[in-house]
Structures are given as structure tokens and as C-alpha cells.
Amino acid sequence: MYITLTILFASAIFFMSGKVRSDLVALCSLVLLVVFGILTPEEALSGFSSSVVIMMIGLFVVGGAIFQTGLAKMISSRILRMAGNSEIKLFILLMLVTSFIGAFVSNTGTVALMLPIVVSMAMSSNINTSRLLMPMAFASSMGGMMTLIGTPPNLVIDEVLIKEGYPQLTFFSFTPVGIVCLIVGILFLIPASKFLLSKKENSGTENKKKSKSLYDLVNEYQLATNLYRVQVNKNSPFEGKSIKEIRIYEKYRTSVLEIRRKSTSNNPFFKSGNQEVVNADTTIFEGDILYLQGDFENIKMMISENKLELLDTHQTEEKKTDVLNFQEIGIAEVLIMPASKFVNLPIKDSKLREHFGLNILGIQRKNTYILQHLKDEKMHSGDILLVQGTWEHIAQLEAERSQLVVLGQPMSEASKVTLTHKAPIAGLIMIAMVFAMMFDFIPIAPVTAVLIASLLMVISGALRNTEAAYKTINWESVVLIAGMLPMALALEKTGVSDLVSKTLVGSLGGYSPYVLLAGIYFTTSLMTMFISNTATAVLLAPIAFQSAVSLGLNPQAFLFAVAVGASMCFASPFSTPPNALVMSAGRYTFIDYVRIGLPLQIIMGIVMVFVLPLLFPF
């Protein structure tokens, strides 16, 4: 028992200090519990097979797809329009929307669903994400108190009542309690989030400025001023021929950067223009749109001689977003190393297109830019090449570090480019997942629904690839929860949970019912800071019931105190999955949860001690 408590308190100290990563602290505590024989290896690893942890992983993927497809931005823009210019109105609207969803979907699912939306909304309205994410996580827990299925502790107390012969709670028995929780939460968090979560701007902002964005590169290399779109008309000499056969560069000193052609799919949800990086064997078809780089006079000559149609003239900077689409195809800068085999090699002999599927769009040599007639240009040590290709091909250059070094973070920039044509697909998958989690008549467990949804997001292309899906997962939060879940088992096995609950609750039985109610509530609230809310409710609900019945009191108020105390735990990042989910994204420390969550937790408890007897008289 004492060893378990020592490990628990030591973990809490490290969590609060913030000097060691939270996931590392959780794993160390887990290993110590095994080393001292408190848990078996199987018990210690049970957290990693928990449905909650698996669901968190799947929901990260779903949330990443919602963000990547631009669906988050669409939804957030609607909320922003409703809020107008009022920050308080926006905050209240966010709390209401989150709590409403949380009433029907698990709070973990709600937060994963809202996380990308809130991040997008914060970026659009120029509000620090830390001011919105923690309140959003708290709102999901408050919303969970509004319905029977909102959070597991609600089902736990319902099960105790049924077992003891009392009437079953209805779906909306919890709604008045949830509304009170939400009102208290909003009134407290509006000022608290403004003053206590006034984080400094992203510490990485300055570093990010050093990394050029995609459109920084567009401007620097003047791509928009040298880019033209040409459509292949019927009976054009280009039709049915390959790039090698038509010899565009040799004849017109013009490079074909990419081809866009209509999708062959008849499904309106999957229709989109296909981007293709060209190579020597790429065949041109009627209706294809060629993206050309070269001298305008040469391009005009090519158009007149080959039955082509110029879709636009010089593309100015204002129009570049209409022309340059980085969904599947990207650009990046590559540095030529001194010992590289490419030094003194002409561009046309570099084989970058053949081996890596990449085009070279420009060369930066010291302070000058070479943008025309590149094929015959020899590469020098220290040259920076602007290359174009699929994001996968650009990523493959990382293996050539002895020859070429990719500058900046092109894959990070790629993740910012939304796949808007996939938004309807992501929306349908998300809605289907929510429905499966809401309704019992659908024979799919919530964790299964989440896993199916996450797989569909990858298969449908809402995420670029499997690697992109893995990158959406916040592994620190996952390991934190998986590592701390077995702590509840350790506390139960060593008798700590039973001793604490019986001592604290039992000693208050002879006083006023309000004192007993307060004792039950705050004992539950305290225990939930260290073990899961479901485990706490399972341990304390029978004790609360027996304590009330032994004094001849209505047990409903006391059981609701257990449910609310277990769910309204805000003072710790690992007490509930929603708190852990937003920790990294909001750049919160353990102390941030104590500063905001602990006062709210105490205020919520005081209010509930007086409200619950009014709703469920003794």
C-alpha cells in the first residue's frame, strides 16, 4: 500500500513540475509498479489494450482528416459568422456546441471531433488556442452530464439503482444537473480563461518564420509570373502523344510542370481534378490542362501551331491561389552538397525526374535566381534547387542527404494544404461514426465505429496516406492515459481505494445529510484526480448508496454526487481523456490544470451540494 502511494505521489510531483515529459512519468510509474510486484506485466500493459486508449488513437486520425480536408475550417467559419466580432459570444457558442455534442457522444469523441475545429477557429479569429481548448474539454465533460449515455459514471449509478430495486433513470434524468454544470462552467471560465490562460504566443512562431511557406517560395521564385495554363482541344497534334514525342522543350523552350485532367469517377462525392507530375512517357489527352513554364511568346507560338487554348494570361500574385494547387503536388528547396554527384552536371542529365519524379523549377545561386532555360544549366555546389513533385516523392529525398538536403519542412507545409475536394467524404464518415456511437440499435460498439471511421478516412484519401494518419496521433497523450489507467487497479489491489473511501465517507455519516453529501462529492472528486472517473464511480457508488440508505435518506442525490464528482474533474490532465487530448495542442502544463481546473472543481462541488437536494430531495 505504502509503495503504491509513494509512486502515486512521486508521479504527481513530477507531473506538476513539468520538467519531465508526462508520458515518460506515466511509463516510469508503470514500470515501478511491476518491479515492486504490485502489478503483473499483463495488468500493467492492460491500459494499452483499453478501449478508451484505442478509441483515442482512432479519434486522432478522424480529427486529423477533418482538419486536413478543410471541413474543420468550414464548420469553424460558420460558428465565427454566428459569433460575429464578439469574443465572449464566440466562447459561449463554443461551450454550448461542445456540450450539446457531448450529451450524445462520449466526451473523448466530442473533444477529438471539436479539436481540429477549435484550432482552425482560433487561427481564423486570431485567438490563442490555449484560451479555447481547455474550456472546450471541460464543456465536453459538462455536456456528458446531460444524458444517461453522456459519460460512463452515469451508467454506473443507474446500474446501482436498478440492482437495488429502484426505478431506472430516464435518458434525460441528468439534464437539469448538466445544465447547472454548464452554467457554472461558462460563468467561471469566461473570466478565468482570459486571465489565467493568457499564454504567450507560440514559442515556435519565430522558428516557423524561418521556414518558408509554399507561397513564400511561389513569390520568391516568381512562379506565378511565369506560369500559364493551356488546354488541349479536340484534334490537337498533342492528343494521344507522350511528352517525349511532342518535344515541347526542344521546340518551344517551354517546360510542362504538371497536367490536370478530369476524374473518371461518376460519384459526385469523389469527383475531382487529378493532378499529375509529368515525365517523358506521360500521354496527353483531349481536355487535359497543361501547366507550362516559359517565355510567353514561345507559348503563344505553341498554342497557334497545335490547336491549344490559353485559359489565362499572365498570372499575377492575386491569382496564384487559383492556379497553384498543392493538394497532391508540392514544391520544396533542395541544397546541393559540396561532394554531391550533381555538381557540374547539367539539369537535363540529373535524372531527378526519372529517379524521383521531380521537376526543377528554378535555381538560387547566391543572390541570383535562374528561372529560364534550366535544362542546359550546370549545377554548382551550394546551389538551391526549387523542385516540384508529389509530396511522397519529395519526402524520398530525405534518403539522399549526402547528395541533396531538403530545406525547411516541406511535409509540414503539405499538412497545412487542405484536401477540400475530400471534405464531403470526411463529413459523411464523421456523421456515420457519430450516429453509430449515439444509437444503441446500431450493433456497432463505439470503439469499433471509431476504428472503422479512421480506416475509411485513410482509404478514401481524406488523409494523404498512412504516414499522414500516424502523424495526426498525439502519442504523448495516448501513452499518458495508457500508463495511468493501471494505477486504478494498483490502488484497488492494495486496498488504498477501499480504505480512503470508507474512512472519508464513513466518518461523516453522523453529521448533517449536506455534510455527508459534500463528503461523498469531494471524496469522489479527489479520487478522480488519480484514477479514472469510471473506476472511481464503480468504487464509490455502492458506498454512497449504503451510506444514504442507512440514514433513511433518498440515495439519488448521493449517487448523483458520485456521478458529477467523477465527471467534473478538471484539476488534472490525466483524470479524464478530454483533458489529456488537449494538453499538447494547447501547450498546457500540469499547473495550468490546477490553476483553472481546481477552483472550478471546488466551485462546482459547492454548487452541487446545494442544488442536488433541490432536484432530488432527501
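The values are calculated or read from the model by the stated rules, or taken from the named source; none is laboratory data. Owing to the predicted nature of the structure, the values given are computational and were not obtained by experimental measurement. Don't worry about glycine lacking a Cβ; one is built from the backbone with ideal geometry, like all the others, and counts go over all protein chains shown. Ligands, DNA and RNA are excluded from the accessible area calculation, which covers all protein heavy atoms including side chains. Shrake-Rupley method; radii C 1.70, N 1.55, O 1.52, S 1.80 Å.
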Within segment 285-292, identify whether any single residue is closer than 26 Å to GLY70 by Cα, crowded, with 19+ Cβ neighbours inside 10 Å, out of contact with any Phe, Trp or Tyr (no Cβ under 9 Å at 6 or more places or on another chain) and at pLDDT below 85, and answer yes or no. no
What pairs can you find where one residue is in segment 293-304 and under 18 Å from THR225 (Cα atoms) and assigned to a strand (DSSP E or B), the other is open to solvent by 30 Å² or more (accessible area, probe 1.4 Å) and among the hydroxyl-bearing types (Ser, Thr, Tyr), and their Cβ atoms are less than 9 Å apart, with a gap of 6+ or different chains? GLN293/SER255
Considering only residues that are at pLDDT 80 or above and in a loop (DSSP other than H, G, I, E, B), which ones fall in segment 494-543? THR494
In segment 1-29, what residues are at pLDDT below 75, outside any helix (DSSP H, G or I) and of a type outside the set (D, E, K, R)? GLY18
Top-ranked residue of segment 212-223 - restricted to ones that are of a type in the set (A, V, I, L, M, F, W, C) and in a helix (DSSP H, G or I), ranked as modelled with the highest pLDDT: LEU217
Hits in segment 480-493 (condition: open to solvent by less than 20 Å² (accessible area, probe 1.4 Å) and at pLDDT 70 or above): LEU480, ILE481, ALA482, GLY483, MET484, PRO486, MET487, ALA490, LEU491
Among the listed residues GLY382, GLY357, identify the single one that is touching a helix residue (DSSP H, G or I) at 6+ places or on another chain (Cβ under 7 Å), surrounded by 13 or more Cβ atoms within 10 Å (Cβ to Cβ) and on the phi > 0 side of the Ramachandran plot. GLY357
Anything in segment 563-591 that is open to solvent by 10 Å² or more (accessible area, probe 1.4 Å) and either free of Cβ contacts under 8 Å to residues at least 24 places away in the same chain or not in a loop (DSSP other than H, G, I, E, B) (or both)? List them, or say none. PRO577, MET583, PHE590, ILE591
Out of SER402, SER415, report the one residue that is at pLDDT below 75 and loosely packed, with under 15 Cβ neighbours inside 10 Å. SER402
Provide a single number: the residues in segment 360-374 that are in contact with a Ser or Thr (Cβ under 8 Å, 6 or more places away or on another chain) and open to solvent by 40 Å² or more (accessible area, probe 1.4 Å). 0
Of the residues that sit in segment 224-241 and are at pLDDT 85 or above and polar (S, T, N, Q), which one is surrounded by the fewest Cβ atoms within 10 Å (Cβ to Cβ)? ASN235
Evaluate the following for LYS209: is it at pLDDT below 75, within 32 Å of the chain's Cα centre (by Cα) and of a type outside the set (Phe, Trp, Tyr)? yes
Failed item, numbered, when THR69 is tested on (1) modelled with pLDDT of 85 or more; (2) of a type in the set (S, T, N, Q); (3) buried (at least 24 other Cβ atoms within 10 Å of the Cβ): (1)
Across segment 96-125, the tally of residues that are of a type in the set (A, V, I, L, M, F, W, C) and modelled with pLDDT under 75 stands at 5
Is it the case that LEU33 is in a helix (DSSP H, G or I), modelled with pLDDT of 75 or more and touching a Pro at 6+ places or on another chain (Cβ under 9 Å)? yes
Against the definition (surrounded by fewer than 21 Cβ atoms within 10 Å (Cβ to Cβ) and at pLDDT 80 or above), how does PHE195 come out, yes or no? no
Over segment 168-185, the set of residues open to solvent by 10 Å² or more (accessible area, probe 1.4 Å) and farther than 17 Å from LEU155 by Cα is ILE179, VAL180, LEU182, ILE183, VAL184
Taking first residues from segment 82-104 that are in contact (Cβ under 8 Å) with a residue 24 or more places away in the chain and second residues anywhere that are assigned to a loop (DSSP other than H, G, I, E, B), the pairs with Cβ under 6 Å that are 6 or more apart or on different chains are ALA103/MET146; ALA103/THR147; ALA103/GLY150
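For every residue, the table says whether it meets (1) among the basic types (Lys, Arg); (2) open to solvent by less than 50 Å² (accessible area, probe 1.4 Å); (3) part of a helix (DSSP H, G or I).
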| position | (1), (2), (3) |
| --- | --- |
| PRO424 | no, no, yes |
| PHE435 | no, no, yes |
| ILE442 | no, yes, no |
| THR448 | no, no, yes |
| ILE452 | no, no, yes |
| ARG464 | yes, no, no |
PHE188: passes all of (1) of a type in the set (A, V, I, L, M, F, W, C); (2) touching a helix residue (DSSP H, G or I) at 6+ places or on another chain (Cβ under 6 Å); (3) surrounded by fewer than 22 Cβ atoms within 10 Å (Cβ to Cβ); (4) not in a helix (DSSP H, G or I) but (4)
Quick check, is TYR588 at pLDDT 75 or above and aromatic (Phe, Trp, Tyr)? yes
